Amino acid sequence: MRKISVFFVAVATMILASCGLGAGTNTTNASSTTANASSAGIGAAAGNVLGSVLSAATNGQTIGNVLQSVLGLDKLTKQSLIGTWTYSQPGCAFTSEKFLAQAGGEAVATSIKDKLQPYYQKVGINSSSTQFIFKEDGTYSATVAGKPLSGTWTFDESTYQVKLQAALLFNITCYAKKNSNGIGLLFEATKLLSVLQKLTALSGNSTLQSIGDFSKNYDGLRIGFDFKK
């Protein structure tokens, strides 16, 4: 947990630096920031962690990964959801930085996606079978694992909730998240399981049950789909 706390201190340090409040943006100043953090009492081990984070941040991946693993850190508008979205990979996020840290950080979020991939493949979720189209008139059409879905939709920009009224006489609530190259639509695991059971008629299927079981291991976890245009 000490390393996780240091990780988020490092992220905060980088954000301040990018706003002109830190020591600077070149490699020399980044090294100076690491040295100052160590001298302030974080310690040699913490300084090494901070140095690693600063090094990784030169390509922008570290900050992006953290933002993409927590719901609501990167703002979405209703207008930004409108369009045709094609499935790219399993999606997951935590409801807060606290839950992300408790779970073990970004590495765990990436691991969860990797573990979901074979289960999704078994039930037929891929780029050619899963798509969402959000329209400006408040309607949507979709296919999930090749099964059609359509109806009306609303988006609450304060809670990031997407409510889908389906023509199949059931409602779906999920959460939208902005990714670096698209969006994620994420569910409480039990709700995702319910949706997949209704669409695929595979109630009780062990593969679907395994998808639903993911949330039991992590507090504040949402799982679903990442999409790109």
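The values are calculated or read from the model by the stated rules, or taken from the named source; none is laboratory data. Predicted, not measured: the structure shown is a model, and the values here were computed from it. Heads up, the Cβs are rebuilt from the backbone with ideal geometry, glycines too, and the neighbour counts pull from every protein chain shown. For the accessible areas, the whole protein counts, side chains as well, though only heavy atoms, and no ligand, DNA or RNA atoms are used. Shrake-Rupley method; radii C 1.70, N 1.55, O 1.52, S 1.80 Å.
Couple of notes before you dig in:
- Check on S129, surrounded by fewer than 21 Cβ atoms within 10 Å (Cβ to Cβ), of a type in the set (S, T, N, Q) and within 24 Å of T95 (Cα to Cα): no
- Every test in (1) within 17 Å of I223 (Cα to Cα); (2) free of Cβ contacts under 8 Å to residues at least 40 places away in the same chain; (3) more than 21 Å from the chain's Cα centre (by Cα) is passed by V123 save one, and that test is (2).
- So Q117, is it open to solvent by 30 Å² or more (accessible area, probe 1.4 Å), free of Cβ contacts under 8 Å to residues at least 24 places away in the same chain and not in a strand (DSSP E or B): no
Residue-wise test of (1) free of Cβ contacts under 8 Å to residues at least 60 places away in the same chain; (2) surrounded by 19 or more Cβ atoms within 10 Å (Cβ to Cβ).
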residue: Y140; (1), (2): yes, yes
residue: T152; (1), (2): yes, no
residue: D156; (1), (2): yes, no
residue: V162; (1), (2): no, yes
residue: L193; (1), (2): yes, yes
residue: L196; (1), (2): no, yes
residue: I223; (1), (2): no, yes
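- Consider region 85-114 and keep the residues that are in a helix (DSSP H, G or I) and among the β-branched types (V, I, T). The one that is surrounded by the most Cβ atoms within 10 Å (Cβ to Cβ) is I112.
- Checked across region 174-186, the condition of being farther than 19 Å from D226 by Cα and surrounded by fewer than 18 Cβ atoms within 10 Å (Cβ to Cβ) holds for no residue.
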